[in-house]
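Written below as structure tokens is the structure these notes are about.
The values are calculated or read from the model by the stated rules, or taken from the named source; none is laboratory data. Given the structure is predicted, the values throughout are model-derived calculations rather than measurements. Cβ placement follows ideal geometry from the backbone for every residue including glycine, while neighbour counts extend to all protein chains displayed.
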Amino acid sequence: MPQLVAPDARHLPSFIAALKEGYSRDTLRAETPESIALVEADPMGFLKSQLAPPTTVILPDGSMGQAVPHTVLWWTEGDAFLGSVHVRHGLNEFLAQVGGHVGYAMRPSVHGQGHASAALAAGLAWTRANLPLERVLLTVSSENRASIRVIEKNGGVFDKAIEHIWRPGEIALHYWIEL
Ligand SMILES: CC(C)(COP(=O)(O)OP(=O)(O)OC[C@H]1O[C@@H](n2cnc3c(N)ncnc32)[C@H](O)[C@@H]1OP(=O)(O)O)[C@@H](O)C(=O)NCCC(=O)NCCS
């Protein structure tokens with residue numbers, strides 16, 4: 001049965017295979033051969049960075065920003081990496097518009113099997129147990145029908161639609177989930 005766990009060395013080979021398959025750590029930025037090669041060159045260093053995420057972040061426009069404290073969790077089954085859930089402990093001016101508290105992505109080969117729905121449910125349970133948040137913001141592109149469904153299945157209540165701050169012409173939908 002799949003589980004949401006802290007990143008672990010046993011899942012690294014499968015994680016790297018997922019990157020090569022098309023899984024991306026950042027839903028706003030696709031992986032490149034170079035970004036994957038960096039993980040492959042120092043998998044244990046990469047693992048450390050997942051367990052204690054850096055305090056700075058490269059924003060989608062390429063500039064450097066201050067990272068909000070966050071926790072990376074992996075959705076796994078046995079040694080297999082299936083996807084990830086990222087929980088931000090708070091919002092900043094950017095995340096309050098696009099990004100929200102919780103983000104998730106599943107590797108392409110397991111799409112359509114209910115994994116994101118289950119992983120988000122587990123991520124919400126983790127958040128409830130570990131953070132003093134009463135509700136969480138999830139943002140999603142209006143074109144991402146599968147993700148909208150995942151949010152709605154997890155109790156997401158639509159709040160508003162705004163212009164996407166990183167992708168001109170796109171609309172970002174805001175949903176809140178009460179914890
Ligand atoms: C979006 C994503 C997380 C969905 O993962 P998944 O494991 O396939 O999702 P699930 O199987 O749990 O559920 C998908 C739901 O969307 C539905 N769905 C899939 N494609 C759809 C579409 N084009 N239109 C409407 N609904 C759709 C499925 O039927 C399912 O709903 P159901 O359970 O009622 O049948 C996955 O496609 C992904 O990782 N995409 C890239 C990263 C990303 O977009 N992350 C979310 C950012 S907000």
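Please name all residue pairs, on different chains or six or more residues apart, with Cβ atoms under 9 Å, provided the first residue is in the stretch 168-179 and is loosely packed, with under 13 Cβ neighbours inside 10 Å and the second residue is of a type in the set (A, V, I, L, M, F, W, C) and part of a strand (DSSP E or B).
Listed pairs, sorted by first residue: 178/136; 178/157.
Looking at (1) in contact with a Ser or Thr (Cβ under 9 Å, 6 or more places away or on another chain); (2) surrounded by 13 or more Cβ atoms within 10 Å (Cβ to Cβ); (3) within 29 Å of residue 64 (Cα to Cα), which one does residue 149 not meet, given that it meets all the others?
(3)
Got a sec? Which strands (runs of 3 or more DSSP E) wholly within the stretch 1-86 have at least 1 residues that are closer than 30 Å to residue 168 by Cβ and aliphatic (A, V, I, L, M)?
56-58, 64-66, 70-77
Could you check the stretch 78-111 and list, in sequence order, the residues that are of a type in the set (Gly, Ala, Ser), more than 13 Å from the ligand (Cβ to nearest atom) and more than 20 Å from residue 129 (Cβ to Cβ)?
78, 80, 96
Does the stretch 106-122 hold any residues that are loosely packed, with under 14 Cβ neighbours inside 10 Å and in a strand (DSSP E or B), and which are they?
Passing the criteria: none in range.
For the stretch 84-94, what are the residues that are free of Cβ contacts under 8 Å to residues at least 40 places away in the same chain and of a type in the set (A, V, I, L, M, F, W, C)?
Hits for the stretch 84-94: nothing passes.
Suppose we filter 135, 107, 128 for residues that are touching a residue at least 12 places away in the same chain (Cβ under 8 Å), under 18 Å from residue 4 (Cα atoms) and in contact with an Asp or Glu (Cβ under 8 Å, 6 or more places away or on another chain); which single one remains?
107
Using the structure shown, decide if residue 87 is within 17 Å of residue 149 (Cα to Cα) and either of a type in the set (Val, Ile, Thr) or modelled with pLDDT under 95 (or both).
Here the answer is no, as residue 87 does not meet what is asked.
Provide a single number: the residues in the stretch 123-154 that are in a loop (DSSP other than H, G, I, E, B) and either more than 22 Å from residue 72 (Cα to Cα) or within 14 Å of the ligand (Cβ to nearest atom) (or both).
Counting residues in the stretch 123-154 that are in a loop (DSSP other than H, G, I, E, B) and either more than 22 Å from residue 72 (Cα to Cα) or within 14 Å of the ligand (Cβ to nearest atom) (or both) gives 4.
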